[in-house]
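The values are calculated or read from the model by the stated rules, or taken from the named source; none is laboratory data. These numbers were taken from a predicted model, which means no experiment stands behind them. Here the Cβ is made from the backbone with ideal geometry for all residues, glycine too, and neighbour counts use every protein chain on show. For the accessible areas, the whole protein counts, side chains as well, though only heavy atoms, and no ligand, DNA or RNA atoms are used. Shrake-Rupley method; radii C 1.70, N 1.55, O 1.52, S 1.80 Å.
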Amino acid sequence: MTNTKHVVVAMAAACLVASTPVFSQTATSSRTRTHVETLASDKFEGRLTGSPGEKLAADYIISELKRMGARPLPGLTDFRLPFTFTAGSKDGGTTLAITKAGSAPQLFSGATTVQALSFSDSAETSGAIVMAGYGLVVPESQNFGYDSYAGLDVKDKIVVVFRYFPEDADQQTRAILARYADLRYKAQAARQRGAKGMLVVTGPRSPNAGAVVPMSFDTAIAGSGLVAASISSEAFAPIMAASGKSLEAVQKEFDSGNPHVAGFAIPDVTVTLKANVIRQQQTGNNVVGYLPATAPLTGVNKPWVAVGAHYDHLGRGTTGGSLAGKDEANQIHHGADDNASGSATVLAIGDAFSQQPRKRHLLLAFWSGEELGLLGSNAFVTKPPFPLEQMSAYLNFDMVGRVAGNKLTVQATGTSAMWPRLLEQANIAAGFDLVLQEDPYQPTDVGSFNTASVACLTFFTGAHQEYHKPSDTADKINYEDLVRVGELASGVVRRLMDSADVPQFTKVEQKTETGGRAGLRLFTGTIPDYASDVKGLLLGGVIGGGPAEQAGLAKGDVIIEIAGQSITNIYDYTYALELLKIGEPAKVVYMRGSDKRETTLTPSARK
Amino acid sequence: MALPISASSASSGSQSALSESTFLSRVRRLTVDGKRAGEGYWSPDGKRLVFQSERDPANPFYQIFVLDFATGDTKRISPGVGKTTCAFFRPGSSEIMFGSTHLDPKSKQYQDEELAFRASGKERRYAWDYDPEMDIFAVDEKTGTTKRLTTARGYDAEGGYSPDGQWIVFSSMRDAYNRTLSAAEQKQLELDASYFAEVYIMKADGSGQTRLTDWPGYDGGTFFTKDGKIVWRHFEENGLVANVWTMNPDGSDKKQLTDFGAMSWAPYEHPSGEYFVFASNKLGFENFEVFMVDKAGAKEPVRITYTAGFDGLPVPSPDGTQMAFTSARGGGAGSAGQIYLAQWNHEAAMAALKAAGPRQTPKR
């Protein structure tokens, strides 16, 4: 909310007189504010996907679409495009029976003893046991040579694997193995080798020793084709006893990271694992309408231009993703910036073009399920209502209400060679200090369209202290500049609508391959600023009470080195995190302004 | 070079409270397309900007583009082949001047070689090569015809028209090619041709080319002032220290306005006629910042930009309310330098100049 008055005055002076007035400034401005204030109000309860608040928000957006004369997509009668998703999963009573030859089965149950993994099939399976070390398989493409299943026959068996990755391996080995240590990835490897089930045990030499893996939030609609559970050291003891070895000694061997330490079959014991995962199926609603072309489309190449924003948010923050502190837990997460701001921008673009001639159809999309993992946009591109080859481009808006210092970040510019020119042209009038980032692999709906090979862009004004907290409220939005974001985007849309040339899609290679997120077992309490282009890792904030705050790090600091690894970007940082150890102090070198400083950060364990 | 930085001179008392926002507001990146862009000069009515940019996939070198502020559209006005630089609108006409090598038959070959080099993924320090085939041309936007204004072998460029559009002041390295060089001079030419650059003046049709400077060191970045003088940048013989100078169009009354003992260059007059803006690396060899100095050079120059990385080539708009400049502040895809635009606070500039102390002499 800085210098807003000044912005308006300067706009008037900046040679804008002759530019096409796509926007009627005052009407748009007050409407944009109303949209944000309405969507972010208590009434909509944080717009959690599938909740009554989401439905109220959808109703509001639909009434706005009707007011501007938009229609449901061709062949449809409703603006709502429903999709089904798993709103949560819980263990419905998983049991493990261990049978030694000639003895009665020992039965284990209870959430702290045996618990299904969230992606497990709900089914029963029995078989002999094979200990497969950490259950890690590094793809051959990595030229690394690590396969926990080498020489093991696990067909129709039940494998036991350690959680995480070898504790004593050298840094480079850990860094590689960590990428394939996600339990989902381990389950996939086991299933591909013919295993019927997988048991996970947290070794005595690892963090969270002996404990079961908490049932994580997982939005998968179905199971992974494998029965999988984690078991406590108590439940594992009878199995281990059958092998005649101590669990700690076995783990120590695997912990070296030596690929030649082999797994082994455990004789004379069979287990029956009966997993029960209750998945709560719910329906979310994308809201999608369009403003039809005002002239015949004959000869028009790719007749759709699309703009979109997710309108869902975190509800009361109870299903994951919330960064609320203890004092504000379970409060409504208003999501004014995330993403009432983007939704209001899409409505503003619709309003502007509803009054103008259109050579192409303008699709106006409001996604739900974004906060749960791009579910709505992903459902749309997976079963599109019309072939996506007809879509010339998709523009996404996610968190665009916090313009500061006139900066606006545009990401995914690498998806077409045409973007820099179009943005330059449209920005002459809009006057933002643009920051372009080519990478389309962003944690927002633009990712779905990039995957679907549609030329796309996403607009972003940066992370902030209220990100994913109840305090992301409408009074903190910079409305004058939010309206300008709409002006810039409308300039791009105008050119896309009128142009005979359409942006040619270019595939951008992903900078790092990420097999899993096991590296995240470690908690640093840093909030990276993903919009930043500075050399190093700019902190958008630190989590209160977390290791970063305790180390004296603060918003605005730029980390340039951690544990001896130089950091030039977010990828380096993610990579370096995999090298850290829980409870082991790591040296951090950072810049505060032009001041180079050092501190020590001690990562803690992520539960 | 002994870096001529004396920490105390960076901020003397009254200036310590100044910052970039004192003079510049709504700073924003103007050019987005292409690897690098720079040297943005305004049309006399302030509605357009002519600049150089590497944005043609088939030509890795600068070409000249005109940006229209009303429509946001940009069009290339140079031939598209070879290297170009330093364009300038001719007042009272539809002509635009620029330096170009497009008549060199090897132009295409150089383009292909550079493209192959860049495709190899190798990198080298950016350097301007003072191509001896560079001559000054003027294109008529109405007719599209291009006429050649200089023909001498040696780099001819860095020109500006007089306010009445009748004269061109420019920089030329012809002195290195139109006579027999001594062995030492020949060596100097191979090391750094810019040593031979001198200031010349000619009529707008290319006639009457007259030399105005005659001393060792690179003279260039020449422009006319509102009152018909010439402002330019003169390098000392060592090629590392440069300063802003003014003179009469007949070469008389040469006056040095800055004395940082650093590389101070790219001067341009504010349309009020009260001061010049320029770039200097006074604060660090790679860290160019924009400064301004009063017309007489009586006061210590005042710093304008405070952002890490290159800030230079400042050019105020004809109405004096905006400033275009070239900056690497954007990082990422724009780290090679792009044109930025900001609102300019003339009143604050006048106040800061008034408050500045007398010009200091650097320790050598």
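Please work out how much length the chain gains when fully extended from A:Ala265 to A:Ala295, using 0.36 nm per residue of separation minus the C-alpha to C-alpha distance, in nm with one decimal. Write out the running numbers ahead of the final one.
On the way: separation 30, 0.36 × 30 = 10.80 nm, distance 7.13 nm.
Stretched fully, the A:Ala265-A:Ala295 segment lengthens by 3.7 nm.
A simple rule links phi to the HN-Hα coupling: the Karplus curve 6.51 cos²θ - 1.76 cosθ + 1.60 with θ = phi - 60°, which for segment A:157-168 gives 9, 10, 8, 10, 10, 6, 6, 6, 8, x, 6, 9 Hz, with x for Gly and Pro. For segment A:314-430, which whole percent of the accessible surface, found with a 1.4 angstrom probe, sits on carbon and sulfur atoms? Carbon and sulfur together cover 51 percent of it. Per-residue surface analysis assigns A:Val227 an accessible area of about 10 Å², computed on protein heavy atoms at 1.4 Å probe radius.
For Cα pairs less than 8 Å apart in space and 6+ apart in sequence, what is the mean separation divided by the residue count of chain A, i.e. the relative contact order in percent? Please report the intermediate quantities before stating the final value.
Working: 1422 pairs, mean separation 100.1, N = 607.
For chain A, the relative contact order is 16 percent.
What's the Kirkwood radius of segment A:522-605 in Å, using all Cα pairs? Walk me through the numbers on the way to the answer.
On the way: mean 1/r = 0.0815 Å⁻¹.
Its Kirkwood hydrodynamic radius stands at 12.3 Å.
Average projection, convex hull of the Cα set of chain B: 17.9 square nanometres.
Using just the Cα positions, wrap segment A:261-417 in a convex hull and report its mean projected area in square nanometres, one decimal place.
Numbers: hull surface 73.3 nm².
Mean projected area for segment A:261-417: 18.3 nm², to one decimal.
Here the Debye sum runs over all C-alpha atoms of segment A:421-488 as equal scatterers in vacuum, and log10 of I(q)/I(0) at q = 0.12, 0.14, 0.22 Å⁻¹ comes out as -0.43, -0.58, -1.14. Taking the DSSP bridge list for the protein assembly as shown and keeping only pairs wholly inside it, about 80 percent are antiparallel.
Round to the nearest 10 and give me the degree value, 0 to 90, for the angle of helix A:52-67's Cα axis relative to the longest principal axis of chain A. Orientation of helix A:52-67: about 30 degrees from the principal axis. In terms of distances greater than 24 angstrom between alpha carbons, the cross-link table entries B:Lys254/B:Lys295; A:Lys302/B:Lys142; A:Lys157/A:Lys245; B:Lys108/B:Lys147 yield A:Lys302/B:Lys142. The calculated pair-distance distribution of segment A:93-275 uses every alpha carbon pair, bins of 10 angstrom beginning at 0, and gives 10, 41, 38, 10, 1 percent. Taking all Cα pairs closer than 8 Å and separated by 6 or more residues, the relative contact order of chain B comes to 16 percent.
Would you tell me the mean number of C-beta atoms belonging to other protein chains that fall within 10 Å of each C-beta in A:416-424, as a whole number? Please list the in-between numbers first.
Values: counts 0, 2, 1, 2, 7, 6, 3, 3, 14.
That average works out to 4.
B:Lys226 contributes about 130 Å² of solvent-accessible surface, heavy atoms of the protein only, 1.4 Å probe. Can you give me the angle between helix A:183-192 and the longest principal axis of chain A, using Cα atoms only, in degrees from 0 to 90, rounded to the nearest 10? Compared with the principal axis, the helix lies near 70 degrees.
Put simply, the convex hull of the Cα atoms in the protein assembly as shown casts, on average, a shadow of 43.8 nm².
Compared with the dominant principal axis of the Cα atoms in chain A, helix A:4-13 is inclined by about 50°.
Students often get this wrong: which residues of segment B:264-304 have the backbone nitrogen under 16 Å from the point 7 angstrom along Cα-to-C-beta of B:Asp192? Residues B:264-266, B:281-282, B:285-286 qualify, since their backbone N sits under 16 Å from the label point. Note on segment B:133-182: Kirkwood radius taken over Cα pairs, Stokes-Einstein applied at 25 °C and 0.890 mPa s, translational D equal to 200 µm² s⁻¹.
At most 13 other Cβ atoms within 10 Å and a DSSP loop assignment: could you name the GluC sites (Glu not before Pro) in segment A:337-417 that fit? Could the numbers behind the result be given before it?
Working: sites: A:Glu370, A:Glu371, A:Glu389; in loops: A:Glu370, A:Glu371.
Hits after loop and neighbour filter: nothing returned.
Listed by chain and number, the aspartates and glutamates placed with their C-alpha closer than 12 angstrom to that of B:Lys203 are B:Asp164; residues fewer than eight positions away on the same chain are left out.
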